[in-house]
Amino acid sequence: MTREGTNAYLVGGGIASLSAAAYLIRDGGLPGANIHIFEALDVVGGSMEGSGSPEEGYVIRGGRMFNFSYVCTYDLLSFIPSLSDPSKTVIDEFREFNARVKTHADCRLVAEGRKLDVSSMGFSMKDRLDLIAVTLCSEESLGVKRIDECFAPAFFESNFWLMWASMFGFEPWHSAVEFKRYLHRFVHEFSRINTLAGVDRSPYNQYDSVILPIATWLKSQGVQFLTAAEVTDVDLRPGSDQSTVTRIRYVRKGETKEIAVNDSDLVFVTNGSMTAASTLGSQTTAPALDDRKTGDWTLWEKLARNRRDFGRPSVFDDHVDESKWESFTVTCRDPEMFRLIEEFTGNAPGTGALVTIKDSSWLMSIVVAYQPHFLNQPSDVQVFWGYGLLVDRPGDFVKKPMADCTGAEILVELCSHLGFVDSIPKILGTCQCIPCMMPYITSQFLVRSPGDRPDVVPKGSTNLAFIGQFCEQPDDTVFTVEYSVRAAQTAVFTLLKLDKQPPPVYRGDHDPRVLAEALKTMFS
């Protein structure tokens, strides 16, 4: 079935919009030329970008794990052609890569310059009982509780918390409801949290491995990409009980423009952004904290004004001190750093996972991917990524908050924790560290109430859907690629009234074998 008379307008160029465009073509029958993607930046990809060069240094704001339970994401990748071999799909590339390069971390936690034994989760009996209690509580009963309101202080020193928090980005003040969802959603990873052996990796960074193939395929289908185009407002038909978009207003290259939207057209809005207002530092400068509300947030605030069914963006964008943290990307032009990390961890690049430094005041972690990590990366250059969750605390060796540190100072702190002190001069001379401050990176984890996130298709909406990380989808977990792809599927299938639904969320918590393994690990 084709829909020649229907146009689709997608606000935001991240994975949610790219996924929606793909499903509009495959399942909705829309011609690619009828699909228009607006992106305020010069490049699509949203939070899944990767950029840079060996000369200027590479930048990855974040790293994302993949998993067999990402049923929506893997469906999407199953019909996107590989860039290197069109006879294969992106999911074929993923499976071949992960069959060849297997993850099994030999070093998950570090303290006092040595690897820690993480064969036990380090729970007390109270910790176990509290953890079980949270999993059994309803979301309604947890309400607006923070995680640290559900556990004793000692819980946050356990091996489990340090590995779980570093893997997913949780802080003690985040929502207990979101923490509960993760416990259910990823219970199958509980028994291997110390090795992350169940994690799938992309062959390259996620921009090169995921975004670029999808965008290339969409362009081949005729999809219209309007980059450097910031949508400033979306008009709704006044005086109606229904929500119908009638006009889109945007600014491109300094010129204000508008598009009339017909009743038969569709509008998909990515409301909010985890990586909005991100700023970069350098080897010699610290990144500034820019907590301005960019267009992704201000558009949602305009839409939600006097509309409770469109959510409450202030819950997520008014608490930067609780949602910010800082990542850093290191480009190495000498193998010394990688050699030292491999000797310390016991993992060759790509076979390990997050290495979290337990006694770091910044709670710093690094991950060393398989090389090359970028399509244009020379064989004599290596790249790794890391982050700190507690950026306002003074470092243990560099007596400054991470937020105030240059890339060189972050390298000194990292090397000092790992015992690479003698190599610091050489590392500083051959490695370039680019820090990135992200004020809203865990805003989706903040304490919230029902209704603070709008439904994907709000009740009464005729042609408007919300997609991305700040719409409500029961049971699934934010801060995952899967959440955005599932939202895109839901939006397309609902607005087009297709007799189709996204596949059910994987529920390992309904599998007795998975639960048995989790309980065994809990009591180890």
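The values are calculated or read from the model by the stated rules, or taken from the named source; none is laboratory data. Please read these numbers as outputs of a predicted model, since none were measured by experiment. As a convention, Cβ positions derive from the backbone with ideal geometry for all residues, glycine included, and neighbour counts pool all protein chains shown. We work out accessible area using only protein heavy atoms, side chains counted, and drop any ligands, DNA or RNA first. Shrake-Rupley method; radii C 1.70, N 1.55, O 1.52, S 1.80 Å.
A few points about this structure:
- Test for Ser243: is it open to solvent by less than 10 Å² (accessible area, probe 1.4 Å) and either touching a Gly at 6+ places or on another chain (Cβ under 8 Å) or of a type in the set (S, T, N, Q) (or both): yes
- Checking each residue in the stretch 57-96 for being of a type in the set (Gly, Ala, Ser) and either under 17 Å from the mean Cα position of the chain (by Cα) or farther than 30 Å from Phe328 by Cα (or both) picks out Gly62, Gly63, Ser69, Ser78, Ser87.
The rows are residues; the columns are (1) among the aliphatic types (A, V, I, L, M); (2) in contact with a Cys (Cβ under 9 Å, 6 or more places away or on another chain); (3) under 30 Å from Ser461 (Cα atoms).
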| site | (1), (2), (3) |
| --- | --- |
| Gly198 | no, no, no |
| Pro203 | no, no, no |
| Asp208 | no, no, no |
| Ile211 | yes, no, yes |
| Thr216 | no, no, no |
| Gln224 | no, no, yes |
| Asp235 | no, no, yes |
| Pro238 | no, no, yes |
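- In the stretch 29-56, the residues that are touching a residue at least 60 places away in the same chain (Cβ under 8 Å) reach residues that are in a loop (DSSP other than H, G, I, E, B) and acidic (Asp, Glu) with C-beta atoms within less than 7 angstrom, at least six apart or across chains, in these pairs: Pro31/Glu4; Val43/Glu49.
- Only one entry of Ser119, Ser166, Ser158 meets the criterion of being among the hydroxyl-bearing types (Ser, Thr, Tyr) and in contact with a strand residue (DSSP E or B) (Cβ under 6 Å, 6 or more places away or on another chain), and that entry is Ser166.
- Qualifying residues in the stretch 132-158 (those that are without any contact (Cβ under 8 Å) to a residue 60 or more places away in the chain and not in a helix (DSSP H, G or I)) - the one nearest to Thr356 (Cα to Cα): Ser158
- Exclusive hit being modelled with pLDDT of 95 or more, more than 22 Å from Asp117 (Cα to Cα) and among the aliphatic types (A, V, I, L, M), set Leu390, Leu363: Leu390
- Hits in the stretch 473-487 - residues which are open to solvent by less than 30 Å² (accessible area, probe 1.4 Å) and either over 18 Å from the mean Cα position of the chain (by Cα) or without any contact (Cβ under 8 Å) to a residue 40 or more places away in the chain (or both): Gln473, Tyr483
- Test: residue in the stretch 511-523 that is hydroxyl-bearing (Ser, Thr, Tyr) and either assigned to a helix (DSSP H, G or I) or open to solvent by 40 Å² or more (accessible area, probe 1.4 Å) (or both): yes
- Tyr23 vs. criteria among the aromatic types (Phe, Trp, Tyr) and closer than 17 Å to Ser220 by Cα: yes
- Sub-6 Å Cβ pairs linking a first residue in the stretch 271-292 that is within 30 Å of Tyr9 (Cβ to Cβ) and in contact (Cβ under 8 Å) with a residue 12 or more places away in the chain to a second residue that is open to solvent by 60 Å² or more (accessible area, probe 1.4 Å) and in a loop (DSSP other than H, G, I, E, B), at least 6 apart or interchain, are Ala277/Arg292; Thr279/Ala288, ordered by first then second residue.
- Selection count, the stretch 145-154, where residues are out of contact with any Phe, Trp or Tyr (no Cβ under 6 Å at 6 or more places or on another chain) and crowded, with 16+ Cβ neighbours inside 10 Å: 3
- So Glu230, is it among the acidic types (Asp, Glu) and part of a loop (DSSP other than H, G, I, E, B): no
- All of His188, His184 fail the test of being open to solvent by less than 40 Å² (accessible area, probe 1.4 Å), at negative phi and in a helix (DSSP H, G or I), apart from His188.
- Screening the candidates Glu343, Glu326 for the property of being open to solvent by less than 20 Å² (accessible area, probe 1.4 Å) and either closer than 19 Å to Leu389 by Cβ or out of contact with any Ser or Thr (no Cβ under 9 Å at 6 or more places or on another chain) (or both) yields one hit, Glu326.
- The lone exception for Ile248 - which of (1) open to solvent by less than 10 Å² (accessible area, probe 1.4 Å); (2) farther than 12 Å from Val231 by Cβ; (3) not basic (Lys, Arg) it fails: (2)
- Among the residues of the stretch 131-150, not a single one is touching a Lys or Arg at 6+ places or on another chain (Cβ under 9 Å) and closer than 19 Å to Cys107 by Cα.
- The stretch 423-472: number of residues that are on the phi > 0 side of the Ramachandran plot and within 17 Å of the chain's Cα centre (by Cα): 1
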